[in-house]
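Below: one structure, written as structure tokens.
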Amino acid sequence: MCEIPRLCSQARVARDDIGVFLAEASLCVYPTHDGAFLGPSRRPASSNGGGRHLCNDQGRVAINDDWGERVIYELRTYTLKPGTVPAYLKLNAEVGRPVRGDRYGKLIGAWTTEFGTLNQYVHLWEYADANERDRLRAELAQNPDWAPGYTSQIRPLMQKQENMFLTLDDDIGLRTVEGTGHIFELRTYSALPGAIGGWAAGFKRSLAQRETHSKLVGLWTTEVGGLNAAKHLWVYDSLQHRTAVREAMAADKELLAQRATGGPSPLIGQESVILIPTKVSPLQ
């Protein structure tokens, strides 16, 4: 570990008063009597005063809390140049996926967007924890077949890359999807600071009734790449099936009554994207 205080090139992990987040920034991590904080703004390391986040010699932050040791999900979205999606998917299926497999993280799903922002490739990965992700990503970068044979070919097709880290709701878990030929809907709900947990609790109270119409794959809350938000993934047989479900939900008095409990909604934004599974996607 480096001497404290010391300027870190990548002060990456801290916990604020409403959740865990990563900060990609050049900041100092100072120890305090009740944890650590990223200067100049004080950030308690945990609600009970435990945990320490200190710079190591590689400029990373050593994690010693529950989040650093729990399964994480990374949602990556690549915006491709118009007209290049078929070429990207071909390289991904024939080169990228065989090279990577599940040896550098487990692929949960891979899709292209059907409505909303077009020409996007969306893929969801699972890692044992944040440290495991760092280790596997570093090993992947050293694979001689990765950069020369794959990333050097796909980067000219890209306009933008985005990613975020997600935590899966333990009560719901990650559900399997039987069969093929489905479409998926990824919904993102943003809430007032500190309120996404309360929204999630209400979501789960009415989930059994909601699933009489269609099935949930998983519920995640965001840790990095947009705080105070939840993402939930739904599976449908077709676009027509989704339309029928939404109409049935609007007429479901029991569901409406369950959702009406708990007072005013803390949500400040809702987004939805329809996803079509690619050839390599485990979720079909």
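Only the coordinates and a few stated rules stand behind these numbers; no lab work does. Quantities reported herein were computed from a predicted structural model and do not represent experimental measurements. Cβ atoms come from the backbone with ideal geometry, glycine included; neighbour counts cover every protein chain shown.
Overview of values
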item: Ranked list, fewest to most other Cβ atoms within 10 Å of each Cβ, for Leu136, Leu192; result: Leu192, Leu136
item: In sequence order, calculated HN-Hα J values of segment 226-237 (Karplus, 6.51, -1.76, 1.60; Hz; x Gly/Pro); result: x, 7, 6, 9, 10, 10, 10, 10, 10, 10, 9, 6
item: Unsatisfied cross-links (Cα-Cα over 28 Å) in the set Lys90/Lys160; Lys231/Lys253; Lys160/Lys215; Lys160/Lys204; Lys81/Lys215; Lys81/Lys204; result: Lys160/Lys215; Lys160/Lys204; Lys81/Lys215; Lys81/Lys204
item: Rounded to whole Hz, the Karplus (6.51, -1.76, 1.60) HN-Hα couplings of segment 122-133, x for glycine and proline; result: 10, 9, 10, 10, 10, 10, 4, 5, 5, 5, 5, 4
item: Three-way shape call for segment 214-267 based on the alpha-carbon gyration tensor, with the a/c threshold at 1.5; result: oblate
item: Anisotropy class of segment 93-134 from Cα gyration tensor, a/c 1.5 cut; result: oblate
item: Estimated vicinal HN-Hα couplings, Hz - segment 165-171 in sequence order (Karplus 6.51, -1.76, 1.60; Gly, Pro = x); result: 9, 10, 10, 6, 5, 5, 5
item: Amide hydrogen neighbours beyond the local backbone of Val224, cut-off 5 Å, H modeled; result: Phe165
item: Residues Phe184, Phe203 arranged by fewest to most Cβ contacts within 10 Å; result: Phe203, Phe184
item: Global form of segment 168-284, assessed from the alpha-carbon gyration tensor, a/c cut-off 1.5; result: oblate
item: Packing-based exposure ordering (other Cβ within 10 Å, fewest first) of Lys106, Lys231; result: Lys106, Lys231
item: Segment 167-224, dipole about Cα centre (Lys/Arg Cβ +1, Asp/Glu Cβ -1), debye to the nearest 20; result: 200 debye
